[in-house]
Each structure stands twice: as C-alpha cells, then as structure tokens.
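So the structure is just underneath, and the comments pick up after that.
Readers should treat all values here as calculations from the given coordinates under stated rules, not as data from a laboratory. Keep in mind the model is a prediction, meaning the values are calculated, not measured. Every residue, glycine among them, receives a Cβ derived from its backbone with ideal geometry; neighbour counts consider all protein chains shown.
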Amino acid sequence: MPSSPRRKTALAKKPVTLHDIARHLGLSQRTVSQALNGRPDSTSKASETTRRRVEAAARELGYRPNRAARALRTGKTGLVAVLSFLGLQHYGSVRLHAALQEIRRKRLPPLIYHSSAASSEIHDACHAVVDAAVDGVLLLDPPPAFDTKSLDLLTASGRPVVALGGEHLPGISRYCFDRADGFRALAKHLAEEGCRSIRFMVAPLHAGREETRSFASAIRAGLAAGREGRQGVSCRITTVQYPDDAFAIDESPVAGLHVLHAPGYLGMRQLIAGGDLPDAVMCRSDTMAQGVLRACEEAGITVPGQIAVTGFDDEPASSAGWMPLTSVGLPLEEMIRPAVEELAGLVRGELQPRDHISLVRGKVVIRHSSRKKSQGA
C-alpha cells in the first residue's frame, strides 16, 4: 500500500534506507538490496517487475546509496572510473558518451577522469583513480605514454582494467578498431578508382610510430589488391612540418583555422609547393582531411578530379560538408558493448581477467571526394 503524504515527509527528514524502501513496498530488505545492486534472485518476469518497482520506489523516496558504508561492509564502492585520453576530437566525445551510456545500462555509476598524453598528467590521473577506490577502470584510447608502470598503478590493488584501444598494454583485455584494415580497404578503393600514387599524411606526433608504419604497409597492400597485383602503385608518408609558433601569430597561414584542421592544411600546402602532386591523399583523420580540402580549394585544385582525398573516423561533418568526404566509420557499439560487459563481469566477480585483444573492423563509406572515375580520371 502506498505511503501517506505524512510518511513521505517523515522519511525526507532523514536519509532513506533499504529498510525504508522494503517497508514501503512490503518486501524483504534482502530483495530490495538485490534489486538495487543488479542481482535479482532469478531472471523471471516477476523478478524484473520487482526490480522496476524497487527502483521506482527508490527514486520516489529519494534514496541515495551510502557508498562509504558499503565500502566498509563489502570492500566495494559500486563505482567504476572512465579514464579518457580522447582530447578535442569529435569522435572522442562521441565515444565517451557511448561508453557512459553502456556503463549506466550495467548500473555501474561512473566517475570520469581526463588526462592528456603527458606522462606527468597520466601519473596524476592514475593516482586520482586509485584514491577514489573505484571497483574497476575503463581506459579510453590510452596513448603510448600510458605504459605498464601506469597500468600497474591501477591494477596493484586487484581492480580490473579494460581498455578501448591500448593495443600496447599487456595483461588486460583491449577492444580495438582494426585501423590498419580500414586503411587497406580505403587504398583498395582508391586503386580501383585509378589512383597509382598516394601520400599518407600524418602529423609529427605520429610520424615515427610503429603504428604509422603498419598503416603504410596496409595501404600498400590495399593498393596492390585494388590494382590486381600489378606493379606501379606507391605509397609515401608525408609528415606535416610547421614551426612551434605557427598557431601564435596573426600572419600565420593557419590563422583562423580550427586547430584540428591546421595540420592537413599545412601538409597539403607543402605538397602543392613541392609541385609533385599524388593521385590521392589519405589522412589519418577526418579533421586533417578537412584542412586538405581547404588548401586544395584555395589553390584551385579540383577534388576528386585532380586529386582524391580520404579521411578516417567518419565524423558528422564528413557527410554534411560542402565536399562529402570518403572515410571509415567506426562501429562503436560493436566495440564498447562487449568491453563494458566484460568490465561489469570482472567487477562482479563473474569473470576472470585475461590478456586479450579483440579487433573490430570499420566500414568504408565512399563519397564524392574520392570518386575519380566519375570525374573522367
């Protein structure tokens, strides 16, 4: 029987407990606890109905779990940390949002931490996570500077860690996009469009990485496959060069450009100045490709007639801009859902930690920026 307004007023004067919810619904405190902790006695329809009743009553009465008391009693806070390294990229905010949505579906309240790729910030962020006494950690795109020492800071007390990205981290589960496969598929498409020479454009930050070399190798394989194994197709890595103060002066060629578009813009200007234009430019990201498109427009170079351009990550502007951009879409749900499911299972003691990489393939989305055949190439 629902409680009277007087009873609700009385409950509001002190913290609402599990006992209060149980008495309000005529259930046992054990049943209420199991429902709120996501572990009903069975998977029957009645148990699901009970869970929903309990959650509705908890909201109605203003129940808030006492996590400090729970931690003292069980050694667990019921919280998980999301440690993000995604920076300014649009796909980073989309990935963070998708991860948080999935974590909430698992009824594991998240704490969000952000760190740059600097070792000192990573170190501080890891200590903050440890101090919060969370039950588990989800890493979003840990950079190379997040090394085994950083990982040891998180795992030393036995808390489970699962990563989205972080192929370089041993001893944990990593769910990663198969970016090399995406670049291979893009290169195959370009070869089929008649492109014989490609410049793979990267910023200095990525130039010397083993990852970049593997991408270049995948691009060459895609070119060969797209040309049916014939010789004469090539891929060269073009590193964007710019002075340290390129973004600080009004006369800079990138003045007024978005900081994420500037590397592609500068890189394309360098290619144009060199006078040796390839058939296509492949960019490591859509934002870099947007800068390439602007530089081409300013120089009167037609896309895709004179040069094809591709990006990566398939951001919203890729399809909605003045030049629809060929890119690779990343199936977030296919990567995030199993990662969060595994983390939830580890937190609840239902799974054992493992050293494993799960690769998820992207999908090539072909748009106007790379359709050279339709331009008479």
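Numbers below:
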item: Relative counts (whole %) of C-alpha pair distances in the range 172-217, using bins that are 5 Å wide; result: 5, 18, 24, 22, 17, 9, 3, 1, 0
item: Cα-Cα P(r), the range 268-314, percent of pairs per 5 Å interval; result: 5, 23, 36, 25, 9, 2
item: For the range 104-183, alpha-carbon Rg relative to the globular expectation (2.2 N^0.38 Å, N residues); result: 1.11
item: Binned Cα-Cα distance frequencies in the range 76-215 - 10 Å width, integer %; result: 10, 37, 31, 15, 6, 1
item: Distance in nm between pseudo-label sites at Ala221 and Arg64 (7 Å out along the Cβ direction from Cα); result: 5.4
item: Theoretical gain in end-to-end length, Ala56 to His19 [0.36 nm per residue, Cα-Cα removed]; result: 11.8 nm
item: Distance between the range 270-284 and the range 316-377 - C-alpha centres, whole angstrom; result: 27
item: Residues whose placed amide H lies under 5 Å from that of Gly136, excluding near-sequence neighbours; result: Ala81
